[in-house]
1. With the requirement that a residue be of a type in the set (V, I, T) and open to solvent by less than 20 Å² (accessible area, probe 1.4 Å), what does the range 108-137 give you?
2. When you scan the range 309-413 for helices (runs of 4 or more DSSP H) that lie fully inside it, which ones turn up with 2 or more residues that are open to solvent by 50 Å² or more (accessible area, probe 1.4 Å) and of a type in the set (F, W, Y)?
3. How many residues, within the range 367-385, are touching a residue at least 12 places away in the same chain (Cβ under 8 Å) and within 21 Å of the chain's Cα centre (by Cα)?
4. Considering each residue of the range 119-177, count those that are in a helix (DSSP H, G or I), under 30 Å from the mean Cα position of the chain (by Cα) and among the charged types (D, E, K, R), and give that number.
5. Specify which of the listed residues (T150, T228) is of a type in the set (S, T, Y) and either farther than 24 Å from G113 by Cα or out of contact with any helix residue (DSSP H, G or I) (no Cβ under 7 Å at 6 or more places or on another chain) (or both).
6. One residue is enough: does the range 138-149 have a residue meeting the conditions over 27 Å from K272 (Cα atoms), modelled with pLDDT of 90 or more and open to solvent by 50 Å² or more (accessible area, probe 1.4 Å)?
7. Just for the range 178-199: of the residues that are of a type in the set (G, A, S) and open to solvent by 10 Å² or more (accessible area, probe 1.4 Å), which one is nearest to the chain's Cα centre (by Cα)?
8. So in the range 172-193, with the set limited to residues that are in contact (Cβ under 8 Å) with a residue 12 or more places away in the chain and either among the charged types (D, E, K, R) or in contact with a Ser or Thr (Cβ under 6 Å, 6 or more places away or on another chain) (or both), which one is farthest from G130 (Cα to Cα)?
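The values are calculated or read from the model by the stated rules, or taken from the named source; none is laboratory data. Note that the coordinates shown come from a computational prediction; the quantities given were computed from them, not determined experimentally. Counting neighbours? That spans all protein chains shown, and the Cβs are built from the backbone with ideal geometry, glycine included. Accessible surface is based on the protein model in full, side chains and every heavy atom, while ligands, DNA and RNA are left aside. Shrake-Rupley method; radii C 1.70, N 1.55, O 1.52, S 1.80 Å.
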Amino acid sequence: MRIQESISMAFSAIQANFIRTFLTLLIIAIGIMALVGILTSIDSIKASMSDNFANMGANTFNIIPSGTGIQGGRRGRRQKRGESISFQQAIAFKQQYAFPAKVSVSALGTTIGVIKRGPEETNPNTTVYGIDENYLSVAGYEIARGRNFTKTEVEFGRNLVILGKGIAEQLFPKQSQERILGQQISLRNISYTVVGILQEKGSSMSFSGDRIVLMPLMSLRKYLGSQTNSYNLSVAVQDAQQMELAMGEAEGIMRAVRQVPLGKENNFELEKSDGLLDVLDENTASIQIAAIFIGLVTLLGAAIGLMNIMLVSVTERTREIGIAKSLGATKTSILQQFLIEALVICQIGGILGIFLGIMMGNVVTLAMGGQFLIPWAWMGLAFALCFLVGLASGIYPALKAASLDPIESLRYE
């Protein structure tokens, strides 16, 4: 019996017992959907965060209070949280750090800012940052139109802003970026002049790089200083091969600036941007394993159900098997027919589950600010698992059908 004939007979058997087969097929689809959906969400989020870290560059590291970063959290709750980095400490580090690198000092003003321009205003979900002249290059932002702040403007706290693309489009609808430059916007009834517009950055998780407003650091301290209790230090080394040397010098200077006594542990951490990806991979690995386990448990239930259906099918088609054997069908052909039937059911369920899983995973990811992703590797895993489930649940019923005595089968009523 040819493979094509076996597949055709398998579809005929599925149609003959459609409801029963569909329910089992649905169990398989749900298992694959859970597996592919969760893994797709994880991969999409990782890809989005990877892009953001890549924009910062492999030659960048941040200085943060101990116990506040991803790596600090990974070390456990026993690690003491360090004091926030003050403005004086951040500026002292920037002035003393003589390594060939760019040092950026920045601070978060608010994440619920409302920016106004005449009758137009943003929703209260705008992020306002105070930055220095090095921030854009260190953080991986690029100017689409206009210019960056100068060192003098940062130090004297000029009322200037650089707008994210999303904010610019919302406040100045149907205006070209060239016309936006030089116009006034207001935050908390204080006017600022637009001097730059950022290139599109995109979103990652709950943060949107296009819904930000950047102002000189001293302007932030002047107008939003009461909401700023910690400053961010980022360092971009010119030569990535000197990263460890640069971090070693930064640690020594920061210990002096923070007045950490000899023999005491640092109350701050140094985190590399590409090192955060390794931490992310470690933290998501257990989630991936859990997702695979959930999918396997569901598929185990589907395999039991499919085996039961196949055994019932063998019983119902006993006389048919006897006729086939009396006409010359071999044990191998009977075995092949029932095994292919089980595999076809599993693969149909797998295809449905993969489609639903991709949709579910990407809907969740897009809602969280990630990016659309087609998980080719997980699709391959899903097909392989469906093949194994079909093989495992179909082999026993197929062997039972192949071993039936043709004479006894013809007598079966």
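1. Filtering the range 108-137 for residues of a type in the set (V, I, T) gives 110-112, 114-115, 122, 126-128, 131.
Of everything in the range 108-137, those that are of a type in the set (V, I, T) and open to solvent by less than 20 Å² (accessible area, probe 1.4 Å) turn out to be T110, I115, T122, T126, T127, V128, I131.
2. Of the helices (runs of 4 or more DSSP H) lying wholly inside the range 309-413, those with at least 2 residues that are open to solvent by 50 Å² or more (accessible area, probe 1.4 Å) and of a type in the set (F, W, Y) span 376-402.
3. 12
4. Summing the residues that are in a helix (DSSP H, G or I), under 30 Å from the mean Cα position of the chain (by Cα) and among the charged types (D, E, K, R) in the range 119-177 gives 2.
5. Working: T228 fails: either farther than 24 Å from G113 by Cα or out of contact with any helix residue (DSSP H, G or I) (no Cβ under 7 Å at 6 or more places or on another chain) (or both).
Residue meeting the stated conditions: T150.
6. Yes, some residue in the range 138-149 is over 27 Å from K272 (Cα atoms), modelled with pLDDT of 90 or more and open to solvent by 50 Å² or more (accessible area, probe 1.4 Å).
7. Let us first name the residues in the range 178-199 that are of a type in the set (G, A, S), namely 182, 186, 191, 196.
Keeping just the survivors that are open to solvent by 10 Å² or more (accessible area, probe 1.4 Å) gives 182, 186, 191.
Values: G182: 38, S186: 35, S191: 38 Å.
In this case the residue turns out to be S186.
8. Checking each candidate, the answer is E178.
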